[in-house]
Ligand code: GDP
């Protein structure tokens with residue numbers, strides 16, 4: 001239900017246009033395909049994915065000798081899911097350590113994309129699964145970032161390990177690991193600074209944080225989650241590329257999917273970056289974070 005509501009904007013614009021197209025054309029022909037292709041591109045599905053989809057559609061239409069456009073939406077959905085799930089494993093679950101061992105999750109992303117909010121929501125989600133969660137205020141760069149994380153910590157009921165603004169993020173995270181271990185916590189979620197203006201600094205900082213974490217816990221961080229803002233469309237893809245070069249991103253959280261009519265970006269991200277989208281943000285509240293499910297997503301678009 002949440003999923004459906006969160007996709008309302010995309011559905012209203014994209015789906016109604018597809019439905020119009022289907023009603024207008026009635027017959028499947030080259031012009032129909034071309035207009036459909038245009039609609040998919042407008043929804044930010046991404047060039048490669050659109051081309052792959054069009055090939056599959058043409059093939060299916062020929063194979064099944066489909067003449068009418070009626071019901072073609074179902075075939076589009078089916079093929080989109082097929083493309084999304086092809087090749088790689090569709091891992092949306094977090095890489096959690098066995099009971100009694102600390103799982104470390106590192107969050108990266110540019111300021112303003114919804115990183116802090118997502119950390120709060122994920123902490124809430126894990127807590128409601130019975131896990132104890134500690135937060136590390138590793139964004140010591142942006143004014144207000146530490147306080148903002150503390151607000152979420154209070155809201156969700158998690159301890160926040162922090163130092164003063166401007167202190168070394170690696171030191172904060174080192175402290176946080178020690179604190180989380182001491183308290184026997186299940187999960188430590190670490191915030192980091194999102195200053196993309198200086199790629200070299202960003203890389204250095206993330207490298208150092210990474211090094212500190214894996215020195216304390218050999219396989220950690222167990223997840224490096226990149227928060228991307230769905231409303232920034234293709235820009236999100238550019239950001240992702242930069243972070244991919246700076247650190248070993250294991251999953252993406254696509255935020256503000258409720259705020260865009262171009263929800264097709266999910267498909268583009270997966271297809272282009274080969275990093276699984278693990279969660280999507282569908283609102284500003286604590287429980288507006290959902291695990292990503294390709295089937296529910298695609299069928300939700302046409303529901
Ligand atoms: P940060 O700078 O990356 O830490 O971003 P914040 O967590 O401060 O979020 C920036 C703004 O985006 C805030 O106003 C959030 O409430 C809002 N936000 C975050 N996630 C979502 C989402 O999934 N949907 C919507 N509609 N707003 C969101």
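Read-outs: derived from the displayed coordinates by stated rules, not from any lab. Bear in mind that the values here come from a model prediction, so they are computed numbers and not experimental data. Here Cβ is always computed from backbone atoms with ideal geometry, including for glycine, and neighbour counts include all displayed protein chains.
Computed from Cα atoms, the angle from the helix 47-63 axis to the main principal axis of the chain rounds to 40 degrees.
For the pair the stretch 41-107 / the stretch 216-293, the C-alpha centres are spaced 16 Å from each other. Overall shape: oblate for the stretch 1-56, with the ratio a/c of the largest to smallest alpha carbon gyration tensor axis at 1.5 or above and b/c at least equal to a/b. Angle of helix 199-216 to the longest C-alpha principal axis of the chain, folded into 0 to 90 degrees and rounded to 10: 60°.
Backbone N atoms of the stretch 25-52 closer than 19 Å to the 7 Å Cα→Cβ label point of residue 12 belong to residues 42-44.
As a calculated quantity, the FRET efficiency between residue 168 and residue 238 at R0 = 30 Å, using C-beta atoms, amounts to about 0.55. Taking the helices alone, the chain has a mean residue ellipticity at 222 nm of -15500 deg cm²/dmol, built from -39,500 (n - 2.57) per DSSP H run of at least 4 residues and averaged over all its residues.
Return 75, 217 ranked ascending by Cβ neighbour count within 10 Å, so the fewest neighbours appear first.
Taking fewest neighbouring Cβ atoms as first place, the list is 75, 217.
Each label point was placed 7 Å from the Cα along the Cα-to-Cβ direction; for residue 47 and residue 129 their separation is 3.8 nm.
Axis of helix 145-156 versus longest Cα principal axis of the chain: the two differ by about 80°, to the nearest ten degrees. Taking 0.36 nm per residue of separation and subtracting the Cα-Cα distance, full extension of the segment from residue 219 to residue 23 would add 65.1 nm.
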